[in-house]
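Only one structure is covered here, and it is reproduced in the block below.
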Ligand code: SF4
């Protein structure tokens, strides 16, 4: 950090001013509302803890002409919420491109035989042609559903993930869904997640939640014997096996996970969800809607939890246990104690290699806040964070995680992010594939924090050692010592000037 500034707050405020100064007036005014520096304020609660405030405008349309890394509503529904439900076939309904170019981008692990009883990594499309746009595609959609019934008799249902043209030409996919569900005695769910709806993938999550409410719940007589310790894990998509690592912990403390939405999930898990006693929300952003609905309609309470890093794991397990009383609380303390030597071993190993390292994050969902303490548990510091598609309630929750002076950026443009990284030069950036290579070309270590860079799990105690190892591998990789061209180093040490630029 520049020595000209007394603290991070001043330096980060200057970075924001520099970035905005390069924009035309109107764009600068609009973007200024999405960038800020966290300040401290007293919590109004009993403890009067100091929390940070990182209020920015969010969930607003991106400025045309700047590079944003947001997705569309179809991506939010098909790619996040519905796609991982493994025993259903999810049709990308419309032209081939939307499904083809988003095919298997997420690493939602599952157990099953692909193409026989599970279909997550397969790509199904109705492959709209010009005639379908002109004359309508409902007949074609019926044919596709008939083919699926014939080719994949063990599939337990079909979802229709609408791409933009479906809404534009006004096809009646609800009528098709009703007709085919009756004919094949199966579940067919029409999802109106056309990409033009909303400002990001976030509305797609909401629409997908509503489709579960309207087309799955209460549709069948669900055969299921509920128990007093039944919980649903909501909003864990099992990236790199995260949901499995979380399930292990919840079962160890004595709970029964009767549904995991939606990583490695079956349709039956979604159908029986309203019979559980508690909903545990991992990704609040993508699944709070259906959790609120289950609370209102079926009286199931919900709570958020965080299984990244030992501090949050222990705190979350204790909060969850409180809901079930002394027996589960007792088991929980034993589980936390049992893992403590493992936690100490991991922290002791990696703390000397990672402490003091400064990290910038730019991710989606819940991770811009939830992973912060996992880094801090290893001695690292978060100097900047932001959401691709966060809402006001995400930033409000972020205030409990970040320190004063943290740079906050909402729907950050490629230009802004590059300038912030150039200015801060953190020891690590955690973001997505589109950011990875430009950041590495700047000579800064990088980890993909959407896909865990093909690693994982990062949840639970199982995830801790993998997370720590991956951050260490990125930051302390010897390749960063080879970043400067050798001839430049030779010339510099010989006191000569280089002819190369
Ligand atoms: S915005 Fe429309 S056309 Fe583009 S990927 Fe999303 S659904 Fe497809």
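Listed peptides 146-152, 226-232 appear in the order 226-232, 146-152 once ranked by packing, highest mean of other Cβ atoms within 10 Å at the front.
For the chain, the 222 nm mean residue ellipticity estimated from helices alone, with every DSSP H stretch of n ≥ 4 adding -39500 (n - 2.57) and the total spread over all residues, rounds to -13000 deg cm²/dmol. When only Cα pairs under 8 Å and 6 or more residues apart are kept, what is the percent relative contact order across the chain? It comes to 18 percent, rounded to a whole number. Compared with the dominant Cα axis of the chain, that is its longest principal axis, helix 414-424 is turned about 40°. Between helix 201-215 and the chain there is an angle of about 20 degrees, using the helix long axis and the longest principal axis of the Cα atoms.
Projection of the Cα convex hull of the stretch 63-190, averaged over all directions and equal to a quarter of that hull's surface, yields 8.4 nm². Ranked by the mean number of other Cβ atoms within 10 Å of their residues, highest first, the peptides 402-409, 356-363 come out as 402-409, 356-363. Remark on the chain: Rg and Dmax equal 24.2, 82 Å (Cα only).
From most to least packed by mean Cβ count within 10 Å, the peptides 202-212, 444-454 give 202-212, 444-454. The DSSP beta bridges internal to the chain are antiparallel in roughly 15% of cases.
Size check on the stretch 196-265: the Cα extents along the three principal axes, sorted descending, read 44, 33, 16 Å. Computed on the stretch 230-333, the Cα convex hull volume stands at 88 Å³ per residue. Using Cα atoms only, what is the angle between the long axis of helix 326-354 and the major principal axis of the chain, expressed in degrees (0 to 90) to the nearest 10? Rounded to the nearest ten degrees, it is 40.
FYI, it's all coordinate maths here, none of it is from the lab. Just so it is clear, the structure is predicted and the values come from calculations on it, not from any experiment. Note that we place each Cβ from the backbone using ideal geometry, even for glycine, and neighbour counts take in every protein chain shown.
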